[in-house]
Each structure stands twice: as structure tokens, then as C-alpha cells.
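Q: One structure is given below, represented as C-alpha cells, and several questions about it will come after.
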Ligand SMILES: CC(C)(COP(=O)(O)OP(=O)(O)OC[C@H]1O[C@@H](n2cnc3c(N)ncnc32)[C@H](O)[C@@H]1OP(=O)(O)O)[C@@H](O)C(=O)NCCC(=O)NCCS
């Protein structure tokens, strides 16, 4: 995990991500502090994403005390709103195969599985399930 945090979530890496014109970041706040975070990539093509017109939910996190209180659905609705505004017909994401809560959440919001993708967490190979929502 330390290796993963160092290589994928270091200050330098996050600064690079903030400069990427294809990415956008949103925060849910409850007046005093942030309680949720959404990062999306718009029309960024890579091998998982052959379609040009798509939005990737790369990160969607809610502070644990706020699980089940509507923050996750609010950020999901925001992602859907962006796609409508930009006339994008597909949202996709990768979710760790053992993350049952998130998989249930995405299914509840209309996502279906379309593949798998292995990724390295430090030195461990992990599997993500790829999910998508078409014609939002
Ligand atoms: C995923 C996440 C954003 C969803 O937000 P949330 O506020 O928890 O979402 P909700 O409570 O609306 O939905 C969660 C659903 O999972 C269900 N659930 C809870 N634990 C579960 C489990 N172990 N297995 C299956 N479903 C589960 C809940 O009952 C709820 O379903 P319901 O509305 O049908 O009852 C939030 O849980 C989170 O930040 N998780 C940690 C970060 C993460 O995993 N992000 C996704 C990375 S791809």
C-alpha cells in the first residue's frame, strides 16, 4: 500500500493530475469540511477506453461517517449531469472485485459489468471489474 501511495498518490502525481485538461475534480462539503470526492476523466482515450466519447469515474470516495447519507448518490448524479451537459453517452469505471459495497452501489445506479482489468497494488496483482453505463 505504501508503494502504491508513493507512486500513484504522491503530491507530484496529484499536481500532474490537476494540470491534466481531461480531468476534473469535485468535492462534497458539509459547510465545515469535505465529505466526498469525485475525480472524472473526460474523453481520455486509453486501452480500457476505446470509445472517444466517454467519462471515466476514476475516484469516488465518501468519508466513512457519511456512508449511506446520500453523498455517494449526489456525486454520482453530478457525474451523470456532466455527461448530459457534454452530450456524452457512456460512463465507465474500474472497481476492485472485492469491494462489494461499491459494486452494489454502481449496479444500483445502472452500471453493468463489461470486463476485468488487473492492476498492481504495490507488488500485489489485484483485479478490477470494469463497469459501464450507456445512454445516460
Ligand atoms: C462507494 C461509495 C462512494 C458509495 O457511497 P455510499 O454513501 O456508501 O452509497 P449508498 O449507501 O447509497 O449505497 C451503498 C449500497 O451498498 C450496500 N452495501 C453496504 N455494504 C455492502 C456489502 N458489504 N455488500 C453489498 N452491498 C453493500 C448498501 O446497503 C447500499 O445499498 P442499498 O441502498 O440498496 O441499501 C462509498 O461507500 C465509498 O466511498 N466507499 C469507499 C471508497 C470506494 O470504494 N469508492 C469506489 C472506488 S471504485
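Values quoted throughout were computed directly from the atomic coordinates according to the rules given, and no laboratory measurement underlies them. Everything numeric here is computed off the predicted structure, so don't read it as measured data. Neighbour counts are summed over all protein chains in view; Cβ atoms, including those assigned to glycine, are modelled from backbone coordinates with ideal geometry.
Q: Does residue 74 satisfy the condition of being within 10 Å of the ligand (Cβ to nearest atom) and either farther than 14 Å from residue 133 by Cβ or surrounded by 12 or more Cβ atoms within 10 Å (Cβ to Cβ) (or both)? It would help to see each step written out before you state the result.
A: Numbers: within 10 Å of the ligand (Cβ to nearest atom): yes; either farther than 14 Å from residue 133 by Cβ or surrounded by 12 or more Cβ atoms within 10 Å (Cβ to Cβ) (or both): yes.
Answer is yes for this residue.
Q: Of all the residues that make up segment 80-109, how many are within 13 Å of the ligand (Cβ to nearest atom) and under 15 Å from the mean Cα position of the chain (by Cα)? I'd like the intermediate steps shown before the answer.
A: Taking segment 80-109 as the starting set, the residues that turn out to be within 13 Å of the ligand (Cβ to nearest atom) are 91-109.
Restricting the remaining residues to those that are under 15 Å from the mean Cα position of the chain (by Cα) gives 91-97, 99, 101-107, 109.
The qualifying residues number 16.
Q: Going through segment 2-41 one residue at a time, which ones are in a loop (DSSP other than H, G, I, E, B) and surrounded by 10 or more Cβ atoms within 10 Å (Cβ to Cβ)? Please lay out each step first, then the result.
A: As a first pass, look at segment 2-41 and keep what is in a loop (DSSP other than H, G, I, E, B): 9-10, 20-22, 30-33.
Correct list: 9, 10, 20, 22, 30.
Q: A further question follows. Give me the residue from segment 66-99 that is assigned to a helix (DSSP H, G or I) and free of Cβ contacts under 8 Å to residues at least 12 places away in the same chain and, out of that set, farthest from residue 34 (Cα to Cα). Let's see the steps before the verdict.
A: If we filter segment 66-99 for residues that are assigned to a helix (DSSP H, G or I), which is where we start, we get 66, 71-85.
Next cut, free of Cβ contacts under 8 Å to residues at least 12 places away in the same chain only: 77, 81, 85.
Values: 77: 17, 81: 21, 85: 25 Å.
If we take residues in segment 66-99 being assigned to a helix (DSSP H, G or I) and free of Cβ contacts under 8 Å to residues at least 12 places away in the same chain, then 85 is farthest from residue 34 (Cα to Cα).
Q: Just checking, does segment 19-36 include any residue being closer than 18 Å to residue 130 by Cβ, within 15 Å of the chain's Cα centre (by Cα) and within 16 Å of the ligand (Cβ to nearest atom)? Spell out the reasoning first.
A: The first filter runs over segment 19-36 and keeps only residues closer than 18 Å to residue 130 by Cβ, leaving none.
No, segment 19-36 contains no residue that is closer than 18 Å to residue 130 by Cβ, within 15 Å of the chain's Cα centre (by Cα) and within 16 Å of the ligand (Cβ to nearest atom).
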